[in-house]
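Colleague: Pasting a structure here, questions to come.
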Amino acid sequence: MSAIAINPIYRAVRFYEAPIGKKAVMAITGVMLVGYVIGHLLGNLQIYASDPEQINRYAAFLHNPANAIPLWAIRGVLLAAVILHITASVQLWLQNRAARPVGYVKKDDVPASYAARTMIWSGPIVGAFIVFHVLHLTVGAVLPLEDINQNPHTPNVYENVILGFQNPWISGFYILAMILLCLHLYHGMWSMFQSVGISHPRYTPKLKKGAAILAILIAIGNCSIPIAVMAGLLHL
Amino acid sequence: MRIILHIWRQRSAGEKGRMVRYEVPNVSEHMSFLEMLDVLNEDLTMRGEEPVAFDHDCREGICGMCGAMVNGIAHGPLPGTTLCQLHMRHFKDGDELYLEPWRARAFPVVKDLVVDRSAFDRIIAAGGFIAVATGSAPDGNAIPVPKDDAEKSMDAAACIGCGACVAMCPNASASLFMGAKMAHLGLLPQGQPERERRAVAMVAQANRELFGSCTNIGECEAVCPKDIKLEVIARMNRDFLRAKWAGEEGVAGD
Ligand code: HEM
Ligand code: FES
């Protein structure tokens, strides 16, 4: 009944065991991932700078050996967040599916709930995209990458992005993934508040609208780059 | 008017069921949905067939006994209405309606459209109460309750425990039901002492009953005959998370 001192590891396990605890973990990791998505987009928009070297200078800054510790710390935290987010979502999905072993012959859905009902599909496709994206522009396993400098390693981001997006298959997959990310965030960015218990009849509808607008802006920002390359607006 | 029904027929919990087609030729628009089923059942009885089993009691939308999926919507297409209060004037001549029981692992089918909802009773028994010594009713204004809280609590107390939220939820989650009970009790001064213990105990019981969990989809809110809002689920999450944060273990080690 009371807040007796319990082993913190035991407490964390008990917290995570409960579905509401898992949802809270998804909400917190979701916020971290959203923060990354926005930061990443703002970084990428530098490709529109009048000076094509602008984005390469940004890349050189990130790759500067002096920044290696914060860079790897952020990568580590993001990786942990993705793993927790996916693990919790899959565990909840399996439990929730088991909760209705016999389905309906006919089932109607509230149309507005489309994004919410498809989180478990938009999420993994975005996840697969993240792997592809890292292989494409970080590792260089999809197309050979151009470097400005070997040591310290400085990629020629401007050229790599444009050469990559001149391939319609690559551009198409990026755009598809960004539309699914938009759906995922359309629901996720208000759902995370509900999951941790924040809801108010006056503010929640505004929050939903804000989440929708932000999700669409993120999608427009991200999709604009492959579209601009294919349209020839960005070129070498 | 003539209504064509496809109804889930299942003789008992253990047996396999199937959809069976029926025609009800003389449906009056003034009939309630259940009255139409009464007419069908009379006809089936006359023909020596087994009537369709369905739950009902008050037939005025307050007891929570009735309910079925009508074309995939819990309690049928009219929002904010129980099946017993749904009238046939909302349908047209020749409409084909699929009637199915609530589907959830925690709500096993007993017969035809009747399901066993005792899992809800066990959730209430786990924590959906206020453990105070009862006696004669206290004076009306002895315990002041802010107007806003009283209103919200009354809104939540409108839940009749019909199970439509579980039936409609893609996850078969009982969150709207539990949230309603927790908001109903937890908004009042009398409900405060057990507020966190209640959240932990009810949620733990729902997990034991194998209900799913909430992913904030909102189908429950759309079909709730009493218009209970998703906000009560956020409130439940808040109570639960706060309790867990404080190391609240609920009863029986949950
Ligand atoms: C990589 C694979 C991913 C999977 C499998 C996945 C899956 C899910 C699922 C199933 C939900 C449940 C939401 C619900 O029904 O309420 C969810 C929520 C969420 N996701 Fe993801 N997701 C993934 C990636 C991402 C990414 C990359 C982001 C951010 C950019 C993200 C942000 C969110 C947010 C903010 C929520 C809301 C959390 C909540 O409702 O509490 N997810 N995700
Ligand atoms: S029969 Fe009582 S609510 Fe429908």
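The values are calculated or read from the model by the stated rules, or taken from the named source; none is laboratory data. These numbers were taken from a predicted model, which means no experiment stands behind them. A quick note on method: Cβ atoms are made from the backbone with ideal geometry, for glycine too, and the neighbour counts reach across all protein chains shown. Please note that ligands, DNA and RNA were not included when accessible areas were found on the heavy atoms of the full protein model with its side chains. Shrake-Rupley method; radii C 1.70, N 1.55, O 1.52, S 1.80 Å.
Colleague: Quick check on my filter: what residues within the stretch B:138-197 are within 16 Å of ligand 2 (Cβ to nearest atom), part of a loop (DSSP other than H, G, I, E, B) and within 14 Å of chain A (Cβ to nearest Cβ)?
Modeller: Of everything in the stretch B:138-197, just one residue is within 16 Å of ligand 2 (Cβ to nearest atom), part of a loop (DSSP other than H, G, I, E, B) and within 14 Å of chain A (Cβ to nearest Cβ), namely B:163.
Colleague: Quick check: anything in the stretch B:64-80 outside the structural domain of residue B:163 (by TED's automatic domain parsing) and more than 30 Å from residue B:210 (Cα to Cα)?
Modeller: No, the conditions are met nowhere in the stretch B:64-80.
Colleague: Of the numbered conditions (1) in contact (Cβ under 8 Å) with a residue 40 or more places away in the chain; (2) more than 28 Å from residue B:28 (Cα to Cα); (3) surrounded by fewer than 20 Cβ atoms within 10 Å (Cβ to Cβ), residue B:106 satisfies every one except a single condition; which is it?
Modeller: It fails just one condition, (3).
Colleague: Further question: Residues B:242, B:197: which one is of a type outside the set (Val, Ile, Thr), open to solvent by 40 Å² or more (accessible area, probe 1.4 Å) and within 24 Å of residue B:149 (Cα to Cα)?
Modeller: B:242
Colleague: Can you tell me which residue among B:38, B:93, B:121, B:112 is assigned by TED's automatic domain parsing to the domain that holds residue B:164 and away from ligand 1 (no atom under 16 Å from the Cβ)?
Modeller: B:121
Colleague: Report, by residue number, each residue of the stretch B:36-65 that is open to solvent by 10 Å² or more (accessible area, probe 1.4 Å), away from ligand 2 (no atom under 15 Å from the Cβ) and in contact with a strand residue (DSSP E or B) (Cβ under 9 Å, 6 or more places away or on another chain).
Modeller: B:39, B:43, B:50
Colleague: More than 14 Å from every other protein chain (Cβ to nearest Cβ), away from ligand 1 (no atom under 11 Å from the Cβ) and open to solvent by less than 30 Å² (accessible area, probe 1.4 Å) - does that describe any residue in the stretch A:194-215?
Modeller: yes
Colleague: Related question: All but one of (1) open to solvent by 50 Å² or more (accessible area, probe 1.4 Å); (2) within 22 Å of the chain's Cα centre (by Cα); (3) within 14 Å of another protein chain (Cβ to nearest Cβ) hold for residue A:95, so report the exception by its number.
Modeller: Of (1) open to solvent by 50 Å² or more (accessible area, probe 1.4 Å); (2) within 22 Å of the chain's Cα centre (by Cα); (3) within 14 Å of another protein chain (Cβ to nearest Cβ), only one is false for residue A:95: (2).
Colleague: Additional query: Has the stretch B:66-73 got any residue that is modelled with pLDDT of 95 or more, within 16 Å of ligand 2 (Cβ to nearest atom), part of a loop (DSSP other than H, G, I, E, B) and farther than 18 Å from residue B:226 by Cβ?
Modeller: Looking for residues that are modelled with pLDDT of 95 or more, within 16 Å of ligand 2 (Cβ to nearest atom), part of a loop (DSSP other than H, G, I, E, B) and farther than 18 Å from residue B:226 by Cβ, one finds none in the stretch B:66-73, hence no.
Colleague: Which pairs turn up if I take residues in the stretch B:65-87 that are within 21 Å of residue B:120 (Cα to Cα) and look for partners that are among the hydroxyl-bearing types (Ser, Thr, Tyr) and in a loop (DSSP other than H, G, I, E, B) with beta carbon separation below 8 Å, at least 6 apart in sequence or on another chain?
Modeller: Once the first residue is within 21 Å of residue B:120 (Cα to Cα) and sits in the stretch B:65-87, its partners that are among the hydroxyl-bearing types (Ser, Thr, Tyr) and in a loop (DSSP other than H, G, I, E, B) give B:66/B:82; B:67/B:82; B:69/A:104; B:75/B:81; B:75/B:82.
Colleague: Just checking, how many residues over the stretch B:183-207 are in contact (Cβ under 8 Å) with a residue 24 or more places away in the chain and within 27 Å of residue A:109 (Cα to Cα)?
Modeller: Total satisfying the criteria: 3.
Colleague: Sticking with this one: Of (1) at pLDDT below 95; (2) closer than 30 Å to residue A:64 by Cβ; (3) touching a helix residue (DSSP H, G or I) at 6+ places or on another chain (Cβ under 8 Å); (4) not hydroxyl-bearing (Ser, Thr, Tyr), residue A:109 satisfies all except one. Which?
Modeller: Only one criterion is unmet by residue A:109, namely (2).
Colleague: Would you be able to tell me the number of residues in the stretch A:121-141 that are open to solvent by less than 30 Å² (accessible area, probe 1.4 Å) and either in a loop (DSSP other than H, G, I, E, B) or out of contact with any Gly (no Cβ under 7 Å at 6 or more places or on another chain) (or both)?
Modeller: Counting residues in the stretch A:121-141 that are open to solvent by less than 30 Å² (accessible area, probe 1.4 Å) and either in a loop (DSSP other than H, G, I, E, B) or out of contact with any Gly (no Cβ under 7 Å at 6 or more places or on another chain) (or both) gives 6.
Colleague: Still on this model: Conditions: (1) away from chain A (no Cβ under 14 Å); (2) within 30 Å of residue B:218 (Cα to Cα). Residue B:69 meets all but one. Number of the miss?
Modeller: (1)
Colleague: Out of the residues in the stretch B:1-14 that are out of contact with any Pro (no Cβ under 7 Å at 6 or more places or on another chain) and within 10 Å of residue B:109 (Cα to Cα), which is nearest to the other protein chains (Cβ to nearest Cβ)?
Modeller: B:10
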